[in-house]
Structures are given as C-alpha cells and as structure tokens.
Amino acid sequence: MTKRVVHIVGTGTIGEPLIGLFSSLRDHFGIDEVTFHKRTPLSHERAKVESLIRRGGKLVVDEDRVDDFERLGHKVSFTHGEALERASVVIDCTPVGNENKPRYEEVAGPKVFMAQGSEYGFGQPYARGINDEALDLTQRFVQIVSCNTHNISVIIKTLAADGDGKLRLARGRFVCMRRATDISQAKGFIPAPEVGKHKDARFGTHHARDAWGLFKTLGYDLDLFSSAIKLNTQYMHTLHFSLDLERPITREEAVARLRDNPRVALTEKLSAALVFSFGRDHGYYGRILNETVVPVSTLHVSEDGKSLSGFCFTPQDGNSLLSSMACALWYLYGEDPAPRLEGVRPWMFDEI
C-alpha cells in the first residue's frame, strides 16, 4: 500500500502550526508520515526545529545544507528532492509558491501541490466550506486563499444566500484592516497606520479578486471590491463588510444564520486584543480555526433590510490552516473530509 505522506515547505507563521497539526492528528487523519522542509540553518531556530521533530515531523533540507543542519545537532531525514518524490501532498507555506511551481511541475508523485495566500494563478482557488463542491481532484495545483479572503467569502456565503443556498448579493464592499506583523516576527512593524494601494481596477485589492475567483468556480460573477490598510498592531486582522442584498433580511435572521454556521464564531468582545487572547489561551498554536469571529453588536441592517454591514475579526491564519488540512484530505481520500476534520473541532468555537 502506498504511504500517505504530507510534506510541508516552510516553517513560518503558517508552516509551523500546520506541521504541528498534521503531526498531532496523524493517526486521526490516517497519515503515515509528516515531513517538513527548512531552507536556512539558524542556531536561534534550533529549538523550534527540534520541537517539530519531537512532535513527529521529519526534517528535510536542501542537499547542499545537510552538513550545516547536522552541525546544529539536527537529524536530517531526507533531502528536499527526495521528500518531494515521496510525498502524497505538498503544501508550500512560503511567500514564493509561484516561483517554486516550475520545480513542482517536474515531480510526478504527489497528488496535489498547494500554495498559500495571495499566490494568484498557482492553481484552482479553494476555501473550506465555500467551494468544496467545485474542487476538481484531477487538477494537481491548488491555491489556498488568504485568511482575509476566507473571511470575506464566509461572510458573503452566510449572509447573502437564500435558504436554497443561492447567493442574492447585489454588491459587496470590504475594508481589510490588517495587522502589521505576526507576533512571531521581530521585523517589519510600522509606527502608524499605512494605507494600501488599489492595484486592481475592478477589485481594488487581491482580497476581493480572490473571493470573486472562489465564487466564480460556483458559477457566480459577483460585484466585489476591497481596500486594505495596515495597522500598527500584532493582534488580528479586522474586516469591515458592507453588503447590498437583492432580497431583504432582518437583523434577527442575519444573527441566526451566523450562529448556525459552524465555521463562524460569535462574540460579545469588541477588542481584537481580547479575541486574540482567547485564541492564545484556547487555540492550537494560538490559532482559532474558525473562518471568522463576528462581534454581534456591530451588525447593522438597514430599514429596508437590503443593506447589511458590520465588523468581524480574521482568526490569524486559522482558516487557512483548516482549508489546507481539508484540501489534503480531499485529495488523499477522494471524499468529503468532514468526519476526519472532527479531530480539529476542539479549536473551532461557537462563542468566543
């Protein structure tokens, strides 16, 4: 029987918790082996690498770096080329997925290659709970969309759909208020809010473009536009949404829809610090795995019921982690991974 091997490229803000999740849930997922590639040997990251190995991950390095890693005391299990050939699933968690794609195209073994975030064009876009029915398992390249794109998409699908699931959205406008850096990053912090450019004539920023791409796989051509501003905080991304609906909705109905979606967490907290603190204390690697956290008191519905707006928090990379796991299981088993994903339920919350 062919081994089920998940290979993760990168040990940063997405790679590190993903290695931990797959290693911890290896038996539950039916995975035989988890390998992870680290490019640069760094003495100050020795403890992190050893922790990932203790969790069950196997270290993979470039062939010309084996001696450097071993001098740091690490056990190297495979070179990167060997690991790619052995893998069933490859998840690229670096910011250069598209640059790495030509090398992946030369490898015949893996069932799927995934890239994270704004790697537009890497492959078919995917977000768990948004376009599972459109995921084509014959295509080997998948773009796991960014955490803010997840947030935009789940807000649309939850609040702008009829009872039969058909979207009734006339227009969606979004402002992504992004944290400056992750708490694991010591560089790149900014002293004051920094506004972003609208580089896309139709969509503004890549967040709306990528959400449009997700829903395009379901046959929709939505009117979406997003803006972005980077804030001088390390806590969480915050999203403001404004939806114009084709059919009216009451505030009570909107709250009920949010409450009934298991990928949405509701909260009375209005501070990103408090939501982030909850994730730190109760999440996995500090991550809440829901796609969004909605402060219910910010939800506003117009008098005619056709305009709906509010704020919500983006749970760091938690939603991208969930989609990465779901996509891997889709390709490994060829069926909806919902039963196996019950293993991550402890880090998904109805209320925060």
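The values are calculated or read from the model by the stated rules, or taken from the named source; none is laboratory data. What you are looking at is a predicted structure, and each value in this text was computed from that prediction instead of being measured. FYI the Cβ positions are ideal-geometry reconstructions off the backbone, even for glycines, and counts take in every protein chain you see.
Things worth noting here:
- Condition met for SER146 (in contact (Cβ under 8 Å) with a residue 12 or more places away in the chain and loosely packed, with under 14 Cβ neighbours inside 10 Å): no
- Counted residues, the range 83-118 - those being charged (D, E, K, R) and in contact with a Ser or Thr (Cβ under 9 Å, 6 or more places away or on another chain): 2
- Hits in the range 305-330 (condition: in a loop (DSSP other than H, G, I, E, B) and either over 27 Å from ILE249 (Cβ atoms) or modelled with pLDDT of 95 or more (or both)): GLY305, LYS306, GLN316, ASP317
- Any hit, the range 270-285, residues being of a type in the set (Phe, Trp, Tyr) and either closer than 16 Å to ARG179 by Cα or not assigned by TED's automatic domain parsing to the domain that holds GLY310 (or both): yes
- Residue match in the range 193-204 (condition: over 23 Å from GLY310 (Cα atoms), surrounded by fewer than 17 Cβ atoms within 10 Å (Cβ to Cβ) and among the β-branched types (Val, Ile, Thr)): no
- Qualifying residue in the range 332-351 (condition: among the basic types (Lys, Arg), in contact with a Gly (Cβ under 9 Å, 6 or more places away or on another chain) and either outside the structural domain of MET236 (by TED's automatic domain parsing) or surrounded by fewer than 19 Cβ atoms within 10 Å (Cβ to Cβ) (or both)): yes
- Scanning the range 35-89 for residues that are basic (Lys, Arg) and either assigned to a helix (DSSP H, G or I) or over 14 Å from VAL9 (Cα atoms) (or both) gives ARG46, LYS48, ARG54, ARG55, ARG65, ARG71, LYS75, ARG86.
- Failed criterion for ILE183 (all others in (1) over 27 Å from PRO17 (Cα atoms); (2) under 22 Å from the mean Cα position of the chain (by Cα) hold): (1)
Each row is one residue, and each column tells you yes or no for (1) surrounded by 16 or more Cβ atoms within 10 Å (Cβ to Cβ); (2) of a type in the set (Asp, Glu); (3) more than 26 Å from the chain's Cα centre (by Cα).
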residue	(1), (2), (3)
GLU16	yes, yes, no
HIS37	yes, no, no
LYS48	no, no, no
SER51	no, no, no
VAL60	yes, no, no
VAL76	yes, no, yes
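- Here ASN100 passes the criteria (1) of a type outside the set (D, E, K, R); (2) outside the structural domain of ASN290 (by TED's automatic domain parsing); (3) within 17 Å of the chain's Cα centre (by Cα) except the one numbered (3).
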